[in-house]
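Only one structure is covered here, and it is reproduced in the block below.
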Amino acid sequence: MDERSYWVGLNLVKGIGAVRFKQLLDFFGSAEIAWQAPQTAWSSAGIPQRVVNNFAQMKQQVDLERVMEKIATGNVRVITWLDSDYPRRLKEIDQSPPVLFIRGTINVEDDWAVAVVGTRRVTPYGRQVADELGRFLAQNGVTVVSGLARGVDAIAHQAALQAGGRTFAVLGSGVDVIYPPEHRKLAAEVIRQGALISDYPVGTQPDGINFPPRNRIISGLSLATVVVEAGEKSGALITAEFAVDQGRDVFAVPGSILAAQSQGTNRLIEQGARPLLKMSEILETLKLEQIPEKQHARKHNPMSKEEQSLLEHLSSDPVHIDQLCELTGLPITNVSATLTMMELKGFVTEVGGMNYVAMREIKTIYKVN
């Protein structure tokens, strides 16, 4: 078995989350060594005895080879912290999931994603907003992220799909266990135009305690979270709280003060969420107005050697065009023309005075040191 199999194995142990997973990797050096290590070594690594006991019991009960066979036969892909295609925005949050299970695809363009969440008991008003919002985002090249639940979630997924866009559904179960069951057809469509995502092992059944943690992944994958409708105790409000903790924008759709489904969203606005008064405000706030053009430019103009060279000397700190010429040895005319193309692709941005910075996601995607 390969190292990935042992990541999956450790992910099965009750009591091992992101913090203890990192603790084990730091102590043992790899998931395989941690899996093969005796219980005493785990205790030496600082793992609580109850978790050590869970580990010992898990090793006796689980055949990792069979687990991996089940994953493979179910067309499920495993992504870990070590993989270059682990979603960058999710990896930025504190205690991101060490292991993700995927059915479908995650593409570079999915870095431009917005979560659309809300109540299961959606009103006609909420239904219209969720539908128009899902379509609008998809038509503008934004991936729609939600939770496949009844109500707002399902409407947003369907709208994005019907508009020919991409969408992610984050589950509170294994990616092979669709809940609610009536959304199996919708889930199959999501797989074709996006992905089902979960950090729960294959075969995990839906459980009430699973859903609040998965909301953290919904917001973590997204540039911003939009709450369409939510009662005062709605799970969508938990997603909004996670988004705030993660430093992401939160939009809330204003609603009638007489409607129970708008009490949560109106309260969010009172607490500082951005009121969503028109769809375009999302693109304007997040600076996403030119996504289709950037996607087209990237697709039809592969990264050149000059672009690669410039990216090696760019970061979040501004660098003047003259300094870039010195660092790369390229003439000013080449550097200027290359930077113009890179801006069109969304690789860099000019921050004033002919100073440039690299967009945060680019150096990760293209593995530039």
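The values are calculated or read from the model by the stated rules, or taken from the named source; none is laboratory data. From a predicted model like this one, the values you see are computed outputs, not experimental measurements. Quick reminder, even Gly has a Cβ in these numbers, built from the backbone with ideal geometry, and neighbours come from all protein chains shown.
Which helices (runs of 4 or more DSSP H) does the stretch 291-369 wholly contain that include 1 or more residues that are modelled with pLDDT under 90 and more than 22 Å from Glu109 (Cβ to Cβ)? Answer list for the stretch 291-369: 305-311.
Being part of a loop (DSSP other than H, G, I, E, B) and either free of Cβ contacts under 8 Å to residues at least 12 places away in the same chain or crowded, with 21+ Cβ neighbours inside 10 Å (or both) is a property that Gly172 has.
Kindly evaluate Gly231 against the criterion of being at pLDDT below 95, more than 22 Å from Leu286 (Cβ to Cβ) and part of a loop (DSSP other than H, G, I, E, B).
Numbers: at pLDDT below 95: yes; more than 22 Å from Leu286 (Cβ to Cβ): yes; part of a loop (DSSP other than H, G, I, E, B): yes.
Criteria met by Gly231.
Give me the residue from the stretch 225-267 that is charged (D, E, K, R) and touching a strand residue (DSSP E or B) at 6+ places or on another chain (Cβ under 6 Å) and, out of that set, nearest to Ser96 (Cα to Cα). Among residues in the stretch 225-267 that are charged (D, E, K, R) and touching a strand residue (DSSP E or B) at 6+ places or on another chain (Cβ under 6 Å), the one nearest to Ser96 (Cα to Cα) is Arg248. For the residues Thr143, Thr225, Thr204, Thr167, the requirement of being surrounded by fewer than 22 Cβ atoms within 10 Å (Cβ to Cβ) and either polar (S, T, N, Q) or in contact with a Lys or Arg (Cβ under 9 Å, 6 or more places away or on another chain) (or both) singles out Thr204. Taking the criterion of being within 27 Å of the chain's Cα centre (by Cα), assigned to a loop (DSSP other than H, G, I, E, B) and not aliphatic (A, V, I, L, M), the residues of the stretch 250-275 that qualify are Pro254, Gln271, Gly272.
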